[in-house]
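A.B. asks: Quick one: structure below, then a few questions.
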There are 2 protein chains.
Amino acid sequence: MSKKGLLLVGHGSKLPYNKELVESTASLISGKYPEFIVKCGFMNMNSPSIEEAMAEFQKESIDVLVVAPLFLAKGVHILKDIPSVIGIGEGKNRGVFSLDGRTIPLLYADPIGSDPLLAELMVKNARQALSAL
Amino acid sequence: MSKKGLLLVGHGSKLPYNKELVESTASLISGKYPEFIVKCGFMNMNSPSIEEAMAEFQKESIDVLVVAPLFLAKGVHILKDIPSVIGIGEGKNRGVFSLDGRTIPLLYADPIGSDPLLAELMVKNARQALSAL
């Protein structure tokens, strides 16, 4: 079965927590959704870089690559920096990825954005804090 | 009924998207969880600031204030900057809030962190991108 590549892009941090979050999210997705081959790349400070993570997909049998930023909201990183690195124009959500002599579609997903699930996550953490009362 | 104050703290951005995300998340929580009085404050670039948002709670009848950072993971902002602004020590998750001549507990919640719901949000956005194929 042909699979889909999913590159989770993290911001990166001097501290370990951003990288841990991105890697654990990748692991959760891999475990539940076997149609995706999931890898992580970081814009700043951590490795692999986005470019290095894209190079790792060269070894994989995929027919599409989705680049999904693990960011909360659009900002300069989402609108300019990551599109530049993955080779798509500003404002575009689509490009191509060269893989083993052929080109496959590259799709650029939105960041997390507003969603009832995000509100649930915030309430969960608020309630966890309240449990210390 | 006595209510709980919930201050969602956003990073802030020159662009409007971070503020929109924090405000829409506050609105989702207010609509679903009437036990919380929800306000937003921003660390950088947007208003109200965290201090201004805390001042707004002076008008409210609350018996506890939860400060919940709408951030993905721990980092310098979470570990040092926000604790300094809300008046708790580094590494602490608890302080006090002076409200109308009395003090109530102030609780500092964790950022979003790794969670199956976060993985679901990423898959949802990846599938949304794939729907353009």
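Computed from the coordinates by the stated procedures, all read-outs in this text should not be read as laboratory data. None of the values given here were measured: they were computed from a predicted structure. Cβ placement follows ideal geometry from the backbone for every residue including glycine, while neighbour counts extend to all protein chains displayed.
A.B. asks: Taking a point 7 Å out from Cα toward Cβ as the label site, list the nm distances between A:SER24 and the same residue in every other copy, smallest first.
C.D. replies: 2.6
A.B. asks: Ignore the peptide's own chain and count Cβ atoms of other chains within 10 Å of each Cβ in A:44-54; give me the average, rounded. List each step's numbers first, then the result.
C.D. replies: Values: counts 0, 0, 0, 0, 0, 0, 0, 0, 0, 0, 0.
Mean number of neighbouring Cβ atoms from other chains: 0.
A.B. asks: I'd like the distance separating the alpha-carbon centroids of region B:9-25 and region B:45-120, in whole Å.
C.D. replies: Computed from Cα coordinates, the inter-centre distance equals 16 Å.
A.B. asks: Turning to a different aspect of this structure: Taking 0.36 nm per residue of sequence separation and subtracting the Cα-Cα distance, how much length would be gained by fully extending the chain between A:LYS32 and A:ASP81, in nm to one decimal? Before the final figure, lay out each step's value.
C.D. replies: Numbers: separation 49, 0.36 × 49 = 17.64 nm, distance 3.01 nm.
So the extension gain works out to 14.6 nm.
A.B. asks: Moving on to the next point. With only alpha-carbon atoms counted, please give the Rg and Dmax of the protein assembly as shown, in Å.
C.D. replies: 19.8, 72
A.B. asks: If I take the rotation axis that carries chain A onto chain B, which residue of chain A has the nearest beta-carbon, and at how many angstrom?
C.D. replies: Closest Cβ on chain A to the axis mapping it onto B, in Å: A:LEU117, 2.
A.B. asks: Follow-up question, since we're still on this one. I want to check the label-to-label distance for B:GLU51 and A:GLU90. Put each point 7 Å from Cα in the C-beta direction and report it in nm to one decimal.
C.D. replies: Going by the 7 Å Cα→Cβ label model, 3.4 nm.
A.B. asks: Right, here's the next one. If you fit an axis through the alpha-carbon atoms of helix B:17-32 and take the longest principal axis of the Cα set of chain B, what angle between them do you get, 0 to 90°, nearest 10?
C.D. replies: Approximately 70 degrees, to the nearest ten.
A.B. asks: Below 8 Å between Cα atoms, with a sequence gap of 6+, how large is the relative contact order for chain B in percent? Walk me through the numbers before you get to the answer.
C.D. replies: Values: 205 pairs, mean separation 31.9, N = 133.
Reported relative contact order: 24 percent.
A.B. asks: Can you list, shortest first in nanometers, how far B:LEU130 lies from the same residue in the other copies, with each label 7 Å from Cα toward Cβ?
C.D. replies: 3.7
A.B. asks: A further question on this structure: Distance cut-off 19 Å, Cα to Cα: go down the list B:LYS59/B:LYS92; B:LYS4/B:LYS80; A:LYS4/B:LYS124 and report the pairs above it. Could the numbers behind the result be given before it?
C.D. replies: Details: B:LYS59/B:LYS92 26 Å; B:LYS4/B:LYS80 25 Å; A:LYS4/B:LYS124 14 Å.
Violating the 19 Å Cα-Cα cut-off are B:LYS59/B:LYS92; B:LYS4/B:LYS80.
A.B. asks: Next question. For A:VAL76, place a label point 7 Å from Cα along the Cα-to-Cβ direction in every copy; what are the distances to the other copies, in nm, shortest first?
C.D. replies: So the label point of A:VAL76 gives 1.5 nm to the other copies.
A.B. asks: Another question, if that's okay. Starting from 0 in steps of 10 Å, tell me what percent of the Cα-Cα pairs of region A:3-130 lands in each bin.
C.D. replies: Histogram of Cα-Cα distances, whole percents per bin: 12, 41, 35, 9, 2, 0.
A.B. asks: Per residue of B:94-107, what is the mean number of Cβ atoms on other protein chains within 10 angstrom of that residue's Cβ? It would help to have the intermediate numbers written out before the result.
C.D. replies: Details: counts 3, 0, 0, 0, 0, 0, 0, 0, 0, 0, 0, 4, 1, 7.
Taking all residues of B:94-107 together, the mean is 1.
A.B. asks: Test of understanding: extend the Cα→C-beta vector of B:ASP100 to 7 Å, then name every residue of region B:39-66 with backbone N under 16 Å from that spot.
C.D. replies: The answer is B:55-65.
A.B. asks: Tilt of helix B:116-130 relative to the longest C-alpha principal axis of chain B, in degrees (0 to 90, nearest 10)?
C.D. replies: For B:116-130 against chain B, the angle is about 40 degrees.
A.B. asks: Just how many % of Cα pairs in region B:58-133 lie over 16 Å apart, if you round to the nearest whole percent? Please list the in-between numbers first.
C.D. replies: Numbers: 1751 of 2850 pairs.
Result: 61 percent of Cα pairs exceed 16 Å.
A.B. asks: What average count of beta carbons from other chains do you get within 10 Å of the Cβ of residues in B:26-39?
C.D. replies: Details: counts 2, 2, 9, 7, 1, 2, 4, 6, 0, 1, 4, 0, 4, 0.
That works out to 3 on average.
A.B. asks: While we're here: If the elastic network links every pair of Cα atoms under 10 Å, which of B:LEU70, B:LEU107, B:LEU21 fluctuates the most in the Gaussian network model of chain B?
C.D. replies: Looking only at B:LEU70, B:LEU107, B:LEU21, the largest GNM fluctuation is found for B:LEU21.
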